[in-house]
Amino acid sequence: MSWKFLLTSAIAMSLWAGDKKPTPVAHYRNDEIEISAKAYADKTAIQDLIGFDLGGWVVVVEVTVTPKTENALKLTLDDFTLRTDKDGQRSQPYAPSQIAGKGALVVSQTGTRGGIMGDSGGPIWGGMGGGRPERMGGDSGGFGNTAGESQNKSTMKSDTGEKDTELLPVLKKRVLPEGETVKPVSGLLYFPMEGKQKPKDLELQYKGPAGKFSMRFR
């Protein structure tokens, strides 16, 4: 039996089994914290992960956070920022109700939606007064424009469709839990990000009680 036949058979078996490229992973560790993360940037990968594709305007990052000391580590969604090399966009995670359900935010500028901060050149969407996205009334939130930037239309959904009703509990169940912990915790971060992104262009940044650092997906 020739090696060419064996190679062809292996490739065929791999395709038949539905093999996929491994999900890009980022990792960081210091004396206080260890973080492992996986990036899901395309609609198909996100659909496979949570059962919904989130419309192509959200990058999902699955993270596991492990405290490395005996002291409780305070963890919040705002500890994390996602940046892309593609066009310099930066965003902080949305809470589940900012994506789905009654009161979800819909931001548009010629079809654009999300809560994205640009490094330069493009529109900037941040928190009230130009800062980070703020949460209002639990896990819903709102934001405004920085002075001098192009204006974006921001509205709140007034009703909930069937799909949103199904999606919101899923997002809430899977989101990274906030609070103090001494044990490893895992969950998802939902980053609004305009345009098609590739994990190799993404950088996950952490700034919290355990320090300040960034991670690349490989």
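Each reported figure results from applying straightforward, stated rules to the coordinates on display, with no laboratory input. This is a predicted model, so every value here is computed, not measured. Please note: Cβ atoms are built from the backbone with ideal geometry, for glycine as well, and neighbour counts cover all protein chains shown.
Tabulated data for the structure shown
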item	result
Separation of the ASP85 and THR66 label points, Cα + 7 Å toward Cβ, nm	2.8 nm
Charge context of ARG216, other residues only, Cβ under 10 angstrom, K/R +1, D/E -1	-1
Unsatisfied cross-links (Cα-Cα over 23 Å) in the set LYS43/LYS207; LYS43/LYS86; LYS21/LYS173; LYS74/LYS200; LYS183/LYS212; LYS74/LYS173	LYS43/LYS207; LYS21/LYS173; LYS74/LYS200
Mean Cβ count within 10 Å, highest first, over the residues of peptides 208-216, 175-183	208-216, 175-183
